[in-house]
Amino acid sequence: MTEDPASPRQPMSGAHPAGPSTAAHRRAFHWLFLLPALADTLTLALAGTLAYLLRTSSLFEVDDYLRNPRQYLLMLGVAIALWHILLAWRGGYANRLLFFRIDELQLQFNTSLILLLLLMAGTFLYRQYDYSRLILFFGWGFFVVLGSLGRQVSHRLREALHRRGWARRDVLLVGKGERRRLLATRLREHPGLGVRLRRLPASVSLVDFLAATPIDELFLFSDRVAYENIWVLRERSCNPDLVIHLVPPFGNLYLRNLSGGFFDGTVMISLDSPMARRWMLATKRAIDAVTAAVFLALLSPLLLLLAVLIKLDSPGPVLFRQRRVGLGGREFTILKFRSMFVEADPYAVTPTDRSDPRITRVGSFLRSTGLDELPQLWNVLVGEMSLVGPRPEMPFIAKGYTPLEAKRLQARPGITGLWQVYARSSHLPIHHHVEFDLYYIENMSLSLDLMILLDTIPTLILRTGI
């Protein structure tokens, strides 16, 4: 029988040593919520201003009563106050490790819908002025996009503070196994998370270590955790704000939408069959085809301009063609704007820095903004790719897939996706993050696609690609 890792008498191995966290840094961490709060305030104010200017512009028929900036400033002030109240109530300003932003983006989007409904209801009840509902709708649309951009900027400011050693968290990982090793690796790869991994000396029990060392977050990797021991850890910790994360043995299922409950004192977790998503997949394919056709038509002048710039910048074809592996392991030819010189080996190691000599001047701009991916809208239109999905892999890499990695081929590859938004923008290794794609496949939904697309826009604007 294995011993409970949370047992007060069990010494465990930990992570790399680090210096002690100061009380000032710990207090500073609690004020980090001001960064996203300020970003939300500014983007909401900008969204409201743009909505008012758009509705009162020459694009619409404008009655004199609409030109009342005083009334709309009043409504904007109410909207900003309501937003902060709603988001704080729903936990949107709670400080946590910011590695995966999808949950935050989902919370923001859902809260923005609640705010829109409350403001709509308020305009019907407020009798002193007849507000334009179209301004409310425009403002919501602008805020959905600008709010995501503002949050990314606030995250980058937070990461810059963490990299300078400000407001960092002391984290202890307790347990063994692949899941613990993976989390430790991810935390080391992201110094901007503000995590300082601590080591538990082999000669010291976990309880004694927590009693003497101010640990902020404790991760327990185990299939046996007794409540009594968790209680002792919390009570004996010298940090009253200690957060304990219990990582279950099924932590590698990449499942997000779990359901379950209690039955006769037993905790149960239920998993739905992926086949239940067949209607969602059909809808996703229809949206892909329509969206790709519309954007190919709307962006045709931009596509032509980029093609001319590529031709003028360096000799060679405008389009780069390469064989990739798609749904069910079927190969197809992916299309991109050429961003490297023609003599570069198309199957060599992917550039990890914009200063790579293989990349052309125009190519550097195309890659950093993601504009080199636009021709893939044709791949989406013909059904070889999707707007959102796993990263399309090269055949020689797919041939070496393990059974687990081969599950990436259960979905159409996407122009954008979790890896493209999160791992690529963090300059992480290109082939060593299959968990992003597995997570997407297990939790594929139209709402998840929407969140990824929304988070792709700031990635393009901020030019975080390679």
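No lab work stands behind these numbers, since they all come straight from the coordinates. As the structure is a prediction and not an experimental result, all values here were calculated from the model. Note that we place each Cβ from the backbone using ideal geometry, even for glycine, and neighbour counts take in every protein chain shown.
Given bins 10 angstrom wide, list per bin the percent of all Cα-Cα distances in the range 133-173, short to long.
Values per bin, smallest distances first: 26, 28, 23, 16, 7, 0.
Could you tell me what % of all Cα pairs in the range 32-163 have separations over 24 Å?
Roughly 31 percent, rounded to a whole number.
Just grab the label-to-label distance for W279 and A307, each label 7 Å out from Cα along the Cβ direction, in nm (one decimal).
Each label point lies 7 Å from its Cα, and together they span 4.1 nm.
Using 0.36 nm per residue of separation minus the Cα-Cα distance, give me the extension gain between A121 and A289 in nm, one decimal.
56.9 nm
Working from the pairwise distances between different alpha carbons, so that the mean of 1/r is found and then inverted, what is the range 173-253's Kirkwood radius in Å?
Numbers: mean 1/r = 0.0737 Å⁻¹.
Kirkwood radius, the range 173-253: 13.6 Å.
Over the range 277-461, with a single point scatterer placed on each C-alpha, what log10 of the ratio I(q)/I(0) does the Debye formula yield at q = 0.12, 0.14 1/Å?
Log10 I(q)/I(0), no solvent term: -0.56, -0.78.
Among all the aspartates and glutamates, which ones have a C-alpha under 17 Å from K336's C-alpha, if same-chain residues fewer than 8 places away are not counted?
D313, D345, D372, E373, E384, E393
Quick one: compute the contact order of the range 32-163, relative version, from alpha carbon pairs under 8 angstrom and 6+ residues apart, as a percent.
49
With charges only on Cβ, +1 for K and R and -1 for D and E, what is the dipole size of the range 43-200 about its Cα centre, in debye, rounded to 20?
1440
May I ask for the distance between the Cα centers of the range 362-392 and the range 159-184, given as a whole number of Å?
Taking the Cα centre of the range 159-184 as reference, the centre of the range 362-392 is 33 Å away.
Label points 7 Å out from Cα along the Cβ direction at L59 and M268: separation in nm?
Each label point lies 7 Å from its Cα, and together they span 5.3 nm.
Could you work out how much longer the chain between D223 and L446 gets when fully extended? Use 0.36 nm per residue separation minus the Cα distance between them, nm to one decimal.
Extending this stretch completely gives an extra 76.9 nm.
Full extension from R358 to A28: what is 0.36 nm times the residue separation minus their Cα-Cα distance, to one decimal in nm?
Contour length minus Cα-Cα distance gives 114.4 nm.
Please compute the modelled spin-label separation between Q71 and A406, points set 7 Å along Cα→Cβ, answer in nm with one decimal.
With each label placed 7 Å out from Cα toward Cβ, I get 6.6 nm.
Please give the Cα centre distance for the range 316-342 versus the range 91-132, rounded to the nearest Å.
41
Taking the Cβ of each residue in Y440, Y65 as the centre, tally the other Cβ atoms inside 10 Å and list the residues starting with the fewest.
By the 10 Å Cβ count, ascending, the order reads Y65, Y440.
Which lysines have a Cα less than 27 Å from the Cα of K176, not counting those fewer than 8 places away in the same chain?
Partners found: K407.
Please identify the trypsin sites (Lys or Arg not before Pro) of the range 91-135 that satisfy two criteria: DSSP loop assignment and at most 14 other Cβ atoms within 10 Å. Which are they? Before the final figure, lay out the partial values.
Details: sites: R96, R101, R127, R133; in loops: R96, R101, R127.
Loop-located and lightly packed - R96, R127.
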